[in-house]
Each structure stands twice: as structure tokens, then as C-alpha cells.
1. Need one value for B:69-82: mean number of C-beta atoms belonging to other chains within 10 Å of its residues' C-beta atoms.
2. Per residue, what accessible area does chain B have, given a 1.4 Å probe and all protein chains present, in Å²?
3. Please enumerate, by chain and number, the aspartates and glutamates with C-alpha under 14 Å from the C-alpha of B:Lys332, excluding those fewer than 8 residues away in the same chain.
4. Can you give me the % of accessible surface on the protein assembly as shown that is carbon or sulfur? Probe 1.4 Å, all protein chains present, nothing else counted.
5. Can you list the residues, at least 5 places off or on another chain, whose amide H is less than 5 Å from the amide H of B:Arg327, using H built in the peptide plane?
6. Tell me the distances, shortest first, between B:Asn309 and the same position across the other copies, using label points 7 Å along Cα→Cβ, in nm to one decimal.
7. What translational D, rounded to a whole number of µm²/s, comes out for chain A from Stokes-Einstein when the hydrodynamic radius is the Kirkwood one over Cα pairs, at 25 °C and 0.890 mPa s?
8. Nothing charged except the Cβ atoms of Lys and Arg (+1) and of Asp and Glu (-1): what's the magnitude of the dipole of the protein assembly as shown about its Cα centre? Round to the nearest 20 debye.
Number of protein chains: 2
Amino acid sequence: MATIYEVSEAAGVSLATVSRVMNGNAKVSERTRKKVEDAMASLGYQPNAIAQSLASNRTNSVGLLVSELHGSYFGDLMSTVEQVLKQNGKHVIITAGHVNVDREHEAIEFLKSRRCDALILHAEAVSDDYLRKLVDSKLPVVIINRKVDNLDDNCFVVDNEQGGYLATHAAIKQGHRNIGYISGPLFKKDASDRLAGHKRALAEAGIEFEASSLFEGDFHESSGQEGMQYMQTHFSKLTALVCANDEMASGAMTAAREAGFDIPSQLSIIGFDNVLFSRYLYPKLTTINNPIHAMGEMAAHWVLQHVYNIKSSMAIEHLFVPEIINRDTLGKL
Amino acid sequence: MATIYEVSEAAGVSLATVSRVMNGNAKVSERTRKKVEDAMASLGYQPNAIAQSLASNRTNSVGLLVSELHGSYFGDLMSTVEQVLKQNGKHVIITAGHVNVDREHEAIEFLKSRRCDALILHAEAVSDDYLRKLVDSKLPVVIINRKVDNLDDNCFVVDNEQGGYLATHAAIKQGHRNIGYISGPLFKKDASDRLAGHKRALAEAGIEFEASSLFEGDFHESSGQEGMQYMQTHFSKLTALVCANDEMASGAMTAAREAGFDIPSQLSIIGFDNVLFSRYLYPKLTTINNPIHAMGEMAAHWVLQHVYNIKSSMAIEHLFVPEIINRDTLGKL
DNA sequence: CACTTAAATGTAAGCGCTTACAAAATATTG
DNA sequence: CAATATTTTGTAAGCGCTTACATTTAAGTG
């Protein structure tokens, strides 16, 4: 693999000049530029990004932490972030934290050791304090889907409470009053916010919240099935079931069908996230749109503006509003 | 950010000694090791991976190229590869090629410039010649889901032809003779192989392949819907529909239902890949298992063995056999 | 205890680049 | 055309590590 030294020799110029034509930041005469470019081409020269980074203290790569590498939600997020950044010549290094303190920690350390120019984090397990320290350390950080006190400028969140409210409110508007709720793990802020919204909608309609109407799942499909089974034995009067994400809603639908319910005539189901596959479920899932795409885009633009000084016309917004997507799983009572 | 120099000073030893305790490859007395470790801890020292890589010519990271960052298939693949590699202290740098020659090219160049120790490629657009050159360049490369002549040692593939055969064969065994087929883009080897298998099954059963029974999709959900619509106007006698992947099968199911077909009593559908969500479709999709998980695992182990000399008990296999997963969308005629 | 052998540590030369700063070449001006 | 300003190029010092080799220290031996 050719080095800059060989190029400089072949072109009959100094290292510095080669570096200059590579980076295009200093003036080089047309004639020498040509010589250098020819030499590069004929040697098949490819700059060593590692060496460049070490010397320039700039890696042109931003670290992205997600909880999992699979699943629609994270797929959308990764895809969006990568697209925006790549369009601007920046690269993304993706790691997974698996919703585990140690692993998130380790993943972030990895990204830091890799000297990413900035970090985009969907961190669920790590503490607020840790994140505050991270931001204080001068490393540009943006936090997705989590609001950390005193870090408003770095956080991009959807209004989960409002989303939870919308879901349950929609069910109530269709006449439902016995509404089951399958939540995510309640130690997670987004899960508890959504539940809070659910309760607000109930309260507003004068419906008392019953403890037995709640099943705490883990955001995965299988816990949706378990949740539905739970409902049948502990809250069998339900006519509508609100789920804190689409995956669990899908699981619940499967279980409901196995139990002989017709959806939505005998049981209404509402999801959350509006993940890609939700429209392909049968019946098509009524859900709350979680603007992941918009948030990912925004996070990427924030980095471009703050770290690379690349301006875009996009105004930075930190709070995203959810909205209901009416499809076929919510019926009139 | 503390450097190795500051650590050596704080511990009262030389740079080399600090490096030695970091890497644990040379002997260091217990006493000095302790001194160094204490110094590291109190300084919050974190090695600069960039500098390490430059000096050692080893990045401990392997590049992974996928076609897209979203979608179940790639999610599974990324997840598996990352898991195996991370367990062994190696890191994954993921890039997307978007099934486009230039972008795959660029993505691979990026990984090379990042000095990955090895590459795991799910490259669909780039030429065989390009891949052969890449392998010749001494960069360890493994190729997933694509068989390149003279590169057998580097390729891990599922027998797509056999998979296509199995799908159609299963339909025939249930009495179907008018079988529609929604393929992937036929310039892709896997798509054309699957179709070839379909044709072989037909031939074996003495059924003539009709051109109008074929719709060429793009492996995305929406083209499954389009394919189903096509069938209704151009091949309406179909009683079974074989789809070259699960996403298109899902799209086809949606369209079929909208057109009033009951599945499987009026129309049988078979997918391909056995992607996670296929079991959550309603009815649950009968499909061909594509052992992505096993292939990803194998690819990762190949790298561990060949590049990092980490032996595992796993024997390296290059050809994976597909099998049918019987669920609820294939019915007797 | 002097002498050999092994273990622990230090010295210094890179790895392939970037970038102040200095030097040389070219252009401008009265 | 000499003197000065300007542009273009070269020189060399790092960036933070690893590692071959040299040196020092400790352990073993008769």
C-alpha cells in the first residue's frame, strides 16, 4: 500500500505538497497539483485514515450507539443517521449497547477511544450523571429519545407522555372504558412517560385506573403475547388494549387471535412507534407515530452544524410531537 | 485526555513499560504493574485506539458491509456478527452499500482506509473481478450470500436454488399446479438462483413454466403488493404464490387480503428467508429458512481463526442448506 | 562471592500523516 | 530592474502509541 512518501517521490514534490492537494485547503499551483494527482492515480494511492486522524485529531466519523442492531426502530434510526452524514462526507461507527449499563458504557468508551468527532446516543441504561459528565468533557454528544436535565440542548425526544395520552384517548373516543395496557420496562423513562399519558387520558374521562389492567412487558414481541395472556386471566373485561410499542402490539395480536378474538370487532389494539412493519400487520395496526426518522435526521444535522460547521437550512427542534395513525385495529365499541 | 506519557511519568516508569502492562504481552513485575495501573486509574487514562492502530498496524476492528441498515435480514446479520466478534474483543465497523456499485465501492474503500483487519461483505452490486482483486490484495475478506468463482474459501452461501426448489415443491405436494412467482431483481444471483429452483420443481412435476406467472419485484414489501396485483390481472388462475423473500410475501398477503382472498383457503403463499417477523404475520408465514444467523456466525468465526488466530471448536462450512418452515399460509388444494 | 543466565525495564526509531514556520519562486511596483 | 509583496513549496516537529534492541536488575550456580 503506497504511502504519501512514495507519492511525493513519484511526483517530485514534498510530503507537504501532497498533503495539500489531498486536503485541498492550501493553494497549490495547477501544474504541481496535476503532477501529484497523476502520481496518486498511478500508484493507486489511498490515504491512511488512521494516520490522518492521528495527525489532524479529526476522524470525520461520528459514533452512533443504539440498543440493538436489529429491529425496525433502530434500523430506521441507523439508516437515517447514516444517510445524512454520508451525504456530507462523514462516516458512522455503529455500536450496540443492549440496554445494559456495562455494555453501553463499554460501547461509548469504544467510540471515544476511536476518537469519534461526535457521538449520537440512544442510551437507555447509563445514568443521567454519566451523560452529563460526558457532555461536560467537551465531546459533542446528542442524545436521542431521552431527556436529561440540564442537557436540553443535546436531547431530541418525542413527547412520550402525549403519545400515551393520544393512544388511550383515541380508544376512549371510540367508547372503550375497559382498557388494558401493556407497558415497556417501567424503569425506562419513555415507557413510564407513555404510561403516564395513558393514565392522564383515563383520568380525564373519569375512568379509574385499575392496577390489574397493567402488564409490564419488555418491548419485545413475545412479551406482547404474554401480556395478552395475562389480560385474559386478570383483566378479562377489556375491550381495548394499548401497547407501548408496535412489537408488543404485534405479539398481543397473535395471542388474541389464538384466543379466538376478532380484531377489532371483539378487541381493539393500539400500538406505538409506527414502525415500518406495522402497516403490514393484519389487520393494519392503529398506532402512534414516533418520528424516529425526523429525530435521526435532526441529530445528524445538529452534528453537522455544531461539529463540522456545515450549515443546513434545517432549524433545530428538540421536542417532537407524536400523532395517531388511524388504521384498522381500533374499532367502535 | 491523558496520554501514555503522562501515565509513565505518574508511575515513574518508561513509556514502554506502560505499553507493556496495557497489552499484557510482555512480562512486567507485579510491583510495577500495580504502579502503572494505579496511575492509569487515577488519571482516567484511556488509550488512543487511533495511535495504537497506527503503531501496531492492527485495528482490532473488522468491516462489515451490508446492503441496508434496516430490514430484518440485515438486522439479524449485523447483530450476529457483532455479537460473536465483540465476545472476542473485536469491533465491527458497519457500512451500507445500498446495492449500488459506486456506493459499495466507496463503502469498501472506506473500510480499507480505516485499516480494518478483515472485511465481511454482503456485496451485491460490485463485480466478481473486483472481489477477486480484493482478496488477492491480501486483505482477509469473507463474502456472504454470494458465490464467486475461485473464491470458494471466502464465500458463505445458502443453497438458493435448492431453497427455491423446496418452496415450489412444497406447494406442488399440496396439489397446487398454478403457481405464481414473485422474484427478486433477476440480476442478483440469489434471486435468479431461487427462480431456477422454482423452475426445476415445476419441471420435475411436469408443469410447464408460464412467463405470465412471473413478476420481478425488488425484494421490498411494496413490490409484493404490486406482484399480487399483477397476478390478478395476468395470472389469475393461481392458487399458490411463491415469493422470493418474506418481505414481498408480506406485501402480497396484504394485497391478497384486500382483494378478498382468504389465506390459505383461497390462496397459498410461501416466503423465503424466515425472517424474524414472518412468524408474527397473520396467518403465520410458511417460508424457507435462510440460515443468516449461522452464516453470520460462521463468517465471524472465520475471521477470528484466520486473522486473529483465535480458534474455536466451530468447523468452517461454506454451503448452508435451506429448509422449509411449515406454518399457516400453505394449504391443500 | 564472582560469574553466568534470565527477567525486567529503558531508549529510541518509527507508523503515515498534518501543519507551523522557513525558504524559494514568482508577481508587482515605482 | 532592484525592491517589496505575494504565492508556492519545502523542512521538520509532532500526533500517541508499539517494539526491536540495549541496558540494568535480579536470580541461580558451583
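1. Details: counts 15, 12, 5, 6, 1, 5, 8, 2, 2, 8, 7, 2, 1, 7.
Per residue, the average neighbour count from other chains is 6.
2. Numbers: 13850 Å² over 333 residues.
That works out to 42 Å² per residue.
3. B:Asp262
4. Details: 13470 of 27690 Å².
That fraction is 49 percent.
5. Answer set, sorted by chain and number: B:Thr286, B:Thr287.
6. 4.7
7. For these conditions, the coefficient is 110 µm²/s.
8. Numbers: 64 positive and 80 negative charges, 243 e Å.
Dipole magnitude for the protein assembly as shown comes out near 1160 debye.
The values are calculated or read from the model by the stated rules, or taken from the named source; none is laboratory data. The structure presented is a predicted model; accordingly, all values stated were derived computationally and were not measured. Cβ sites come from the backbone with ideal geometry, for glycine too, and all protein chains shown count toward neighbours. When the accessible area is computed, the model is the full protein with side chains, heavy atoms only, and any ligands, DNA or RNA have been set aside. Shrake-Rupley method; radii C 1.70, N 1.55, O 1.52, S 1.80 Å.
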